[in-house]
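This report refers to the structure that appears directly beneath it.
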Amino acid sequence: MSDTPSRPELPDHLSIDSRSPFYNPEVLKHDIGIRFNDKDRQDVEEYCLSEGWVKVPAGKTLDRKGQPLLIKLKGKLEVFYK
C-alpha cells in the first residue's frame with residue numbers, strides 16, 4: 001500500500017482561469033510542469049496538448065476587463081506532474 005494520493009489524469013486542455021470551461025481545480029491542486037519547445041515555462045495560463053499551443057501573458061498589458069492580455073504560442077508541448 002502506498003500513502004501517496006492518486007493524481008487525476010492530466011487533461012488535454014487546461015486553464016488556470018476559474019471563469020474558463022477548461023478550469024479543473026482537482027488537477028490544479030497538484031504541481032504541474034510545462035515544457036514548451038524544450039524549455040520549462042512558469043508563466044503558462046492555458047494549454048492544449050492535442051493542438052500544441054500555450055497561452056502566456058503579453059508582458060504587463062491588460063485587456064479592457066483588467067485581465068492579462070494573452071498570446072498563443074504554438075510548438076512542441078509536454079505536460080507532467082512534478
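The values are calculated or read from the model by the stated rules, or taken from the named source; none is laboratory data. Because the structure is predicted, anything quoted here is derived from the model rather than measured. We place every Cβ from the backbone using ideal geometry, glycine too, and count neighbours over all the protein chains shown.
Selection of first residues in the stretch 13-30 that are farther than 20 Å from LYS74 by Cα and of second residues that are at pLDDT below 95 and outside any loop (DSSP other than H, G, I, E, B), restricted to Cβ pairs under 6 Å at least 6 apart or on distinct chains, gives the following pairs, ordered by first then second residue: HIS30/TYR81. Taken over the stretch 50-68, the criterion of being exposed (fewer than 12 other Cβ atoms within 10 Å of the Cβ), within 20 Å of PHE22 (Cβ to Cβ) and of a type in the set (S, T, N, Q) is satisfied by SER50 alone. When the strands (runs of 3 or more DSSP E) confined to the stretch 23-82 are screened for residues that are within 12 Å of LEU10 (Cα to Cα) and among the β-branched types (Val, Ile, Thr), those reaching at least 2 such residues are found at 32-36. If you go through the stretch 1-16 and keep only what is loosely packed, with under 14 Cβ neighbours inside 10 Å and at pLDDT below 95, you end up with MET1, SER2, ASP3, THR4, PRO5, SER6, ARG7, PRO8, GLU9.
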